[in-house]
Amino acid sequence: MTATGPTTLPDPSLSGRQGQTGSARRPDLPLLRTEEMMLNMGPQHPATHGVLKMILDLEGERIVKATPVMGFLHRGVEKLAEHGTYHQFIPHTDRLDYVCAMYNNFAYVRAVEKLIDLKVPPRAEYLRTIVAETQRIIGHLFWLGTQALDIGAMTVFFYTFRDREILLDWFNELCGARLTTTWYRIGGVERDFTPELIAKLSKFIEEFPAKIDECNQLLEKNRIWLARTQGIAVISAEDALSFGLSGPTLRGSGVDYDLRKYEPYAAYGDVEWSVPLGRNGDTYDRYWVRIEEMRESCKIVRQCLERLPDGPYLADAPTVVLPSKDKVFTTLESMIIQFKLYTQGFKTPRGEIYCGTEAHKGELGFYIVSDGSGHPYRLKIRAPSFIHLGAFDHMARGYMIADIITIFGTYDVVMGECDR
Amino acid sequence: MNDVRAVAERLQRQFPQDVLAVTEFRGDLSVMIRKTALLQVGRFLKEEPDLNFDYIVHVSSVDYPTEPERFEIVYEVYSIRRRQRIRFKTRVSEADGEVDSLSSVWYGANFMEREVYDMMGIRFHGHPDLRRILMPDEYEEGFPLRKDFPLQGKGWRDTFEFLEPPAAPSVPREAR
């Protein structure tokens, strides 16, 4: 496929109709077919980042209409949630956005803590913030690598995955898993940092801004990258809001909406950082926002590590929080509490809450309706990937078929979260 | 920053007949409205200049099978200018099962309402493209998030034909 320049509206002179009327056409060649064509793309296309099908109505190489067909990865997670206790749902959230499990855990436990009105100790808040921001760096690195690979820049992929590996190994040391982490707990976190983990992370955070520059200098002024991203998939701030877009996809259009800033949770209110905003709402601005967010994440992690308070990493709430394992194996009371919490769950007040958390893709929210029992009456996941695909048709119309890959990539869609 | 309760009071003044209840829980404000006023309330929240709830957060539904008005449809919207969020919901009975679509007010409601239809079977009047979205188009067992739908499904999956694993290729002895 050829590289395409920035385009906004279908240009009839390029749709293939001109070629046949010209006098230069050889009479022995058949006429070009000019009717609209329907093209099925996916569900196994390598650039769909999972299983997503697109039905494209094409006029020549221009997209007239794009219809996403999803649900290939639907597991009924919301139904499963109604049949388990609140603790048991944490591992399910790992599998929503499976490249960024930590943030899903975080969004879920925050929602449950809001429902039962549980205060988390300060050290746990800081640990949560640090890990959430490293997860954001992983998510953006993953996005940058795959987006550049889709557009054709292979080197960036190797650079970003090299750095991502360091953090995944760090996760492995922290909780024993690289991707499906389940490290967050209702009331705190599963275990504390060791001094080695803190040292490793500090070293990474010191070195990382230079590594961002290393990736960025391959792209920032690269002519192919500019031609493939500038002016592609433009969305105005007003439309982006109306579609419910969030995260870098919304901030690329210049809307100042970041829950970490305006509804501060965990330790985000205590540290200094800023919200990068795009201007044009195109793919390039969204890329720039994500690069800057990685630098801001470094700032947040560094400040949190400096100020890390002492104290417990789990709330002192024995009716809700699981007892520590060494107590379970040595005292009878803890064993009984553990058994009761796992089989019956804890009692919650009647009511309904919505709690949104700024994950790296956008606003990941949980709407929980409780009937007072030990399991959710209804749990709805507001998945940013799903909502972003709602705007796909609007953002893809008029562009060339080669841009489809770019437009997919610009949302940072993960189908595990989209289909639930 | 204005209190979000002022928005609820504003709604009560504007629609005295249609606002049925205002509840607050953990700082979340939700307004129960009459089904017939859904579209007007949505437009009012979005278009009134000093309210300007321009960002749609989510559309959900809850099933209460024992109650006469079985389904609850929940909309949550946010105002970037006011930095506030508000939830408004309405009830509909199973026999009726249809509410007005808000996809003309917030574009994002299009996909979110399709998901509600797919999962609970509530129809949205005036929706441009009301089809299943996560379940297959030919799915005929009903609506999986209703409370009377069993967790294991209703048996459709058991009728799938599975391909036999291919027989191991027979390799001549001398070729090994």
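List of remarks:
- Sole residue being part of a strand (DSSP E or B), crowded, with 18+ Cβ neighbours inside 10 Å, among the small types (Gly, Ala, Ser) and within 14 Å of chain B (Cβ to nearest Cβ), chosen from A:Ala107, A:Ala111, A:Ala66: A:Ala66
- Filtered residues of region B:22-45 (kept if more than 10 Å from chain A (Cβ to nearest Cβ), in a strand (DSSP E or B) and touching a residue at least 24 places away in the same chain (Cβ under 8 Å)): B:Leu29, B:Val31, B:Met32, B:Ile33
- Any hit, region A:343-358, residues being touching a Ser or Thr at 6+ places or on another chain (Cβ under 9 Å), within 11 Å of another protein chain (Cβ to nearest Cβ), within 16 Å of A:Gln88 (Cα to Cα) and of a type in the set (Val, Ile, Thr): no
- Residue match in region B:80-102 (condition: in contact with a Phe, Trp or Tyr (Cβ under 8 Å, 6 or more places away or on another chain), facing chain A (nearest Cβ under 9 Å) and among the hydroxyl-bearing types (Ser, Thr, Tyr)): no
- Looking only at region B:64-77, and only at residues there that are at pLDDT 90 or above and surrounded by 21 or more Cβ atoms within 10 Å (Cβ to Cβ), the one that is farthest from B:Phe143 (Cα to Cα): B:Val77
- Region A:81-104, residues that are surrounded by 24 or more Cβ atoms within 10 Å (Cβ to Cβ), aromatic (Phe, Trp, Tyr) and not in a helix (DSSP H, G or I): A:Tyr86
- Within region B:51-83, being out of contact with any helix residue (DSSP H, G or I) (no Cβ under 7 Å at 6 or more places or on another chain), among the aromatic types (Phe, Trp, Tyr) and over 19 Å from B:Arg10 (Cβ atoms) holds for one residue alone: B:Tyr64.
- Among the residues of region A:114-167, just one is within 14 Å of chain B (Cβ to nearest Cβ), of a type in the set (D, E, K, R) and either buried (at least 19 other Cβ atoms within 10 Å of the Cβ) or touching a helix residue (DSSP H, G or I) at 6+ places or on another chain (Cβ under 6 Å) (or both), namely A:Lys114.
- Flag for A:Gly187 being of a type in the set (Gly, Ala, Ser), more than 20 Å from A:Ser297 (Cα to Cα) and surrounded by 15 or more Cβ atoms within 10 Å (Cβ to Cβ): yes
- Residue within region A:226-238 that is of a type outside the set (D, E, K, R) and either in contact with a Lys or Arg (Cβ under 6 Å, 6 or more places away or on another chain) or under 18 Å from A:Ser297 (Cβ atoms) (or both) present: no
- Members of region A:220-256 that are in contact (Cβ under 8 Å) with a residue 60 or more places away in the chain, within 14 Å of chain B (Cβ to nearest Cβ) and buried (at least 21 other Cβ atoms within 10 Å of the Cβ): A:Ile235, A:Ala240, A:Phe243, A:Gly244, A:Leu245, A:Ser246, A:Gly247, A:Thr249, A:Leu250
- You will find that of B:Tyr117, B:Tyr64, B:Tyr75, B:Tyr107, the residue that is farther than 19 Å from A:Arg378 by Cα and among the hydroxyl-bearing types (Ser, Thr, Tyr) is B:Tyr107 and no other.
- Residues in region A:249-275 that are within 25 Å of A:His394 (Cα to Cα) and among the acidic types (Asp, Glu): A:Asp256, A:Asp258.
- Filter result for B:Arg123 (crowded, with 19+ Cβ neighbours inside 10 Å and without any contact (Cβ under 8 Å) to a residue 60 or more places away in the chain): no
- Conditions (1) buried (at least 23 other Cβ atoms within 10 Å of the Cβ); (2) among the charged types (D, E, K, R); (3) within 9 Å of chain A (Cβ to nearest Cβ); number of the one not met by B:Glu113: (3)
The values are calculated or read from the model by the stated rules, or taken from the named source; none is laboratory data. Every value quoted in this text rests on a predicted model; they were computed, and no experiment measured them. When we count neighbours, we look across all protein chains shown, and the Cβ atoms used for this are built from the backbone with ideal geometry, even at glycine.
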